[in-house]
Amino acid sequence: MESLRELYKIGNGPSSSHTMGPKKASELFVKRCSGVDSYRVTLYGSLAATGKGHLTDVAILSVLNPVAPTEIVWRPEIVLPFHPNGMLFEGIKGGIVVDSWKIYSVGGGSLANEEGPLTVHKDIYPLTTITEIKDWCYREGKTYWEYVNDSEGPEIWDFLDDIWTSMCETIQRGLNNDGVLPSGLKVARKAATYYVKSKSYNASLESRAKIYAYALATSEENASGGIVVTAPTCGSSGVVPAVLYHLATSRDFLRIRILRALATAGLFGNIAKTNSSISGAEVGCQGEVGVACAMAAAASCQLFGGTPSQIEYAAEMGLEHHLGLTCDPVCGLVQVPCIERNAIAATRALDANIYATLSDGSHLVSYDKVVEVMNETGHNLPSLYRETSEGGLAKRYEHR
């Protein structure tokens, strides 16, 4: 299992698989194919179906157009066997294709071809299921963040410190931005309003309103193409930061404890990424917002002193109750229902934490089993519910 450095990535929204991945692929293709008259990039499947709303063409053209004129070809009706997010890069000179490269954006900004991940990173973690890691915790008398430390080395904390700083900066930017998000939907930013309104409620409602505000702040920044941290994706980047920012500011947890919670969250996200998928085009929104909720639930349960079993239970609930969640963004934008889903998932993560903490940690279905079911459910979802905007909510909205 790869390092958390491959899960938490700082970059521009609105989509890790539709924006960050294609931009990275464009940069790699320029390095291998320069000195041509023009480029042609064909986008397939989900990448083409929602690419314009996700700014896929903007990301690609920002890299290729300065080098040579670039044509984008949209082929949403063709879904390549390996993954729904397929791309074909071609370099053209004298009217002849002199180089071509087929690559896939598989979620979280990562790239792969039919042989596997494009960049093969060293496996940092010898154990690849939460059941194995939990057993290790009890055997060694340690917890999940210590497993991260033992596997990654002490330098992981500087990395997580940078990640946490970026998360906080995104929330603060989002809370201080107003106006309408880019696109024809005319969706207004709400984070600042929710934060201000939270002050007029009693303590319980104020707490919940602030969580909404923090999640909205990041998700709105993401929707506008701002800088966010994949956690585990851009589309679900509001959940983990909202929960941890709320707990850090309301409970006065030391920064190191927040970083340890972030490590635990990353571990649970990494398990889902390794054993299933975090790509909405592959398994639906359960792989994005569902996994993000599980990550935040595990992190918050650890902060409140949960045992390894209770932490695993919280994460299991966070994911289990998002099973079957479709990815059907209106107009292919990461706005409706994506932004609201982040806010609601953040509060559900804290609810899962409370429920698990009240228990003794024992439960029938493990987190690993839910990850398996998520994978099975996602691949059984019709393609129109997997980031194509061809069904569900995307077809119920009447654009005016």
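The values are calculated or read from the model by the stated rules, or taken from the named source; none is laboratory data. Everything numeric in this text was worked out from a predicted model, so none of it was measured. Methodologically, a virtual Cβ is constructed for each residue, glycine included, from the backbone with ideal geometry; neighbour enumeration extends over all protein chains shown. Heads up: the accessible areas ignore ligands, DNA and RNA and are worked out on the full protein's heavy atoms, side chains in. Shrake-Rupley method; radii C 1.70, N 1.55, O 1.52, S 1.80 Å.
Give the residues of region 220-241 that are more than 15 Å from residue 346 (Cβ to Cβ), aliphatic (A, V, I, L, M) and assigned to a loop (DSSP other than H, G, I, E, B), sorted by residue number. Scanning region 220-241 gives no hits. A count restricted to region 171-192 and to residues that are over 16 Å from residue 211 (Cα atoms), without any contact (Cβ under 8 Å) to a residue 24 or more places away in the chain and of a type outside the set (Lys, Arg) stands at 4.
The one condition from (1) touching a residue at least 24 places away in the same chain (Cβ under 8 Å); (2) under 30 Å from residue 282 (Cβ atoms); (3) in a helix (DSSP H, G or I) that residue 168 does not meet is (2).
For residue 209, the stated conditions do not hold, so it cannot be described as over 22 Å from the mean Cα position of the chain (by Cα) and modelled with pLDDT under 95. Please specify each residue of region 357-367 satisfying the condition of being open to solvent by 20 Å² or more (accessible area, probe 1.4 Å) and outside any loop (DSSP other than H, G, I, E, B). The answer is 357, 358. Condition first: closer than 18 Å to residue 12 by Cβ, part of a loop (DSSP other than H, G, I, E, B) and not hydroxyl-bearing (Ser, Thr, Tyr). Can you find one or more residues in region 35-50 that meet it? For region 35-50, residues closer than 18 Å to residue 12 by Cβ, part of a loop (DSSP other than H, G, I, E, B) and not hydroxyl-bearing (Ser, Thr, Tyr): absent. In this structure, residue 70 does not satisfy being in contact with a Gly (Cβ under 7 Å, 6 or more places away or on another chain) and not basic (Lys, Arg). Just one of the numbered conditions (1) open to solvent by less than 10 Å² (accessible area, probe 1.4 Å); (2) within 22 Å of the chain's Cα centre (by Cα) is not true of residue 64: (2).
Residues considered: 390, 376. Of these, the only one that is assigned to a helix (DSSP H, G or I), charged (D, E, K, R) and open to solvent by 10 Å² or more (accessible area, probe 1.4 Å) is 376. Across region 183-210, which residue is least open to solvent (accessible area, probe 1.4 Å) among those that are hydroxyl-bearing (Ser, Thr, Tyr) and within 17 Å of residue 344 (Cα to Cα)? If we take residues in region 183-210 being hydroxyl-bearing (Ser, Thr, Tyr) and within 17 Å of residue 344 (Cα to Cα), then 198 is least open to solvent (accessible area, probe 1.4 Å). Selection of first residues in region 1-18 that are within 15 Å of residue 105 (Cα to Cα) and of second residues that are of a type in the set (Val, Ile, Thr) and surrounded by 21 or more Cβ atoms within 10 Å (Cβ to Cβ), restricted to Cβ pairs under 6 Å at least 6 apart or on distinct chains, gives the following pairs, ordered by first then second residue: 9/230; 13/228; 14/334; 15/334; 16/230; 16/233; 18/56.
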